[in-house]
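What follows is one structure encoded as structure tokens, with my remarks underneath.
The values are calculated or read from the model by the stated rules, or taken from the named source; none is laboratory data. Nothing here was measured: the structure is a model prediction, and the numbers come from that model. When we count neighbours, we look across all protein chains shown, and the Cβ atoms used for this are built from the backbone with ideal geometry, even at glycine. With ligands, DNA and RNA removed, areas are computed over all heavy atoms of the protein, side chains included. Shrake-Rupley method; radii C 1.70, N 1.55, O 1.52, S 1.80 Å.
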Amino acid sequence: MKRAWLAFRSAFLWFSSLLHFFIAAPTLVFLAIFLDPRKHDWLQRSFCRRIVFFAGAKVESRRDPGFDPNCTCFFMVNHVNLFDPFFLYCVIPQLVRGWELESHFKIPAYGWLMKRFGNVPVPDVRRPSDIKRMWRLTRDAIDSGTSLIIFPEARRTRDGRLNEFQDGGFRVAQQLGIPIVPVSLVGSFQHHRTGHWMLWPATVTVHIHETIVTSGLTKEDVPALRERVRKIIAAPIEQYLKETQLS
């Protein structure tokens, strides 16, 4: 009986969240035609909070004392499911966009929103000209005071644990001297698992860790930087999995 109720709940939440998304997203795109999206960032955050609400989740944040909220940076985050960006936009206390696969810009409503708001396209086919364009757009975003969300796994987890990290975002951070903030999404896997349709009641905790300065690093330092960030992100996730398995 409980399983049937949770299935009905999930179906209702999917319907509600998708209905809200396909009504609100075109409205935000329309506003962005006439207004700089920076001028109505509060509307975008409200939109993300409603997405989280309609998906049946709660979100809370924990900030490390070493996190500098005034520093434009790369937020490096573990990737769990399609709700991840909405959880992040709810709690990151500064103007933020993200690296987004270029093919995602073709998705109705979602792609329009990402393009109009200034997300940086990551080419699906890595031709030199496309990579140069990505680097240029990344630099432009950072220089304009816009931080960027990057999922260094480049794919969603299937077991709740971290996949291996790719070097791309770390090489860009090192070359351009962009600070990195590791971020751990904890509880997101318990809310929704990629490949499944159920939405489970859950509280998602966003751990925003200390800001890591990259200026002065060389390309030889990139592997160590990558593993340092991965270890920081993994710690609260592994602790949560250990605690939930013991309970």
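Residues that are at pLDDT 90 or above, within 19 Å of residue 227 (Cα to Cα), open to solvent by 30 Å² or more (accessible area, probe 1.4 Å) and not hydroxyl-bearing (Ser, Thr, Tyr): does the range 177-198 have at least one?
yes
May I ask you to list the residues in the range 139-163 that are in contact with a strand residue (DSSP E or B) (Cβ under 8 Å, 6 or more places away or on another chain), in a loop (DSSP other than H, G, I, E, B) and within 17 Å of residue 230 (Cβ to Cβ)? Outline the logic, then answer.
From the range 139-163, those in contact with a strand residue (DSSP E or B) (Cβ under 8 Å, 6 or more places away or on another chain) are 141-142, 146-152; that's our starting set.
Adding the requirement that they be in a loop (DSSP other than H, G, I, E, B) leaves 146, 151-152.
Correct list: 151, 152.
Take the residues in the range 1-33 that are in contact (Cβ under 8 Å) with a residue 12 or more places away in the chain and open to solvent by 80 Å² or more (accessible area, probe 1.4 Å); name whichever of them is farthest from residue 193 (Cα to Cα).
33
Kindly evaluate residue 172 against the criterion of being under 21 Å from residue 219 (Cα atoms), assigned to a helix (DSSP H, G or I) and either open to solvent by less than 10 Å² (accessible area, probe 1.4 Å) or among the β-branched types (Val, Ile, Thr) (or both).
So residue 172 passes the test.
Can you find a residue in the range 210-221 that is open to solvent by 30 Å² or more (accessible area, probe 1.4 Å), modelled with pLDDT of 95 or more and assigned to a helix (DSSP H, G or I)?
yes
Among the residues of the range 143-158, are any over 16 Å from the mean Cα position of the chain (by Cα) and farther than 19 Å from residue 70 by Cβ?
yes
Taking the range 34-55, which residues are closer than 21 Å to residue 13 by Cβ, open to solvent by less than 20 Å² (accessible area, probe 1.4 Å) and not hydrophobic (A, V, I, L, M, F, W, C)?
Step one: filter the range 34-55 for residues closer than 21 Å to residue 13 by Cβ, giving 45-55.
Add one more test, that the residue is open to solvent by less than 20 Å² (accessible area, probe 1.4 Å), and what stays is 47-48, 51-52, 55.
The answer is none; no residue qualifies.
Check off (1) open to solvent by less than 30 Å² (accessible area, probe 1.4 Å); (2) at pLDDT 95 or above; (3) not hydroxyl-bearing (Ser, Thr, Tyr) for residue 224 and give me the number that stays unchecked.
That leaves (1) as the condition not met.
When you scan the range 1-111 for helices (runs of 4 or more DSSP H) that lie fully inside it, which ones turn up with 1 or more residues that are farther than 30 Å from residue 214 by Cα?
Counting at least 1 such residues, we get 2-34, 41-54.
Scanning for something open to solvent by less than 40 Å² (accessible area, probe 1.4 Å), in contact (Cβ under 8 Å) with a residue 24 or more places away in the chain and within 19 Å of residue 108 (Cβ to Cβ), does the range 72-83 turn up at least one residue?
Taking every residue of the range 72-83 in turn, at least one turns out to be open to solvent by less than 40 Å² (accessible area, probe 1.4 Å), in contact (Cβ under 8 Å) with a residue 24 or more places away in the chain and within 19 Å of residue 108 (Cβ to Cβ).
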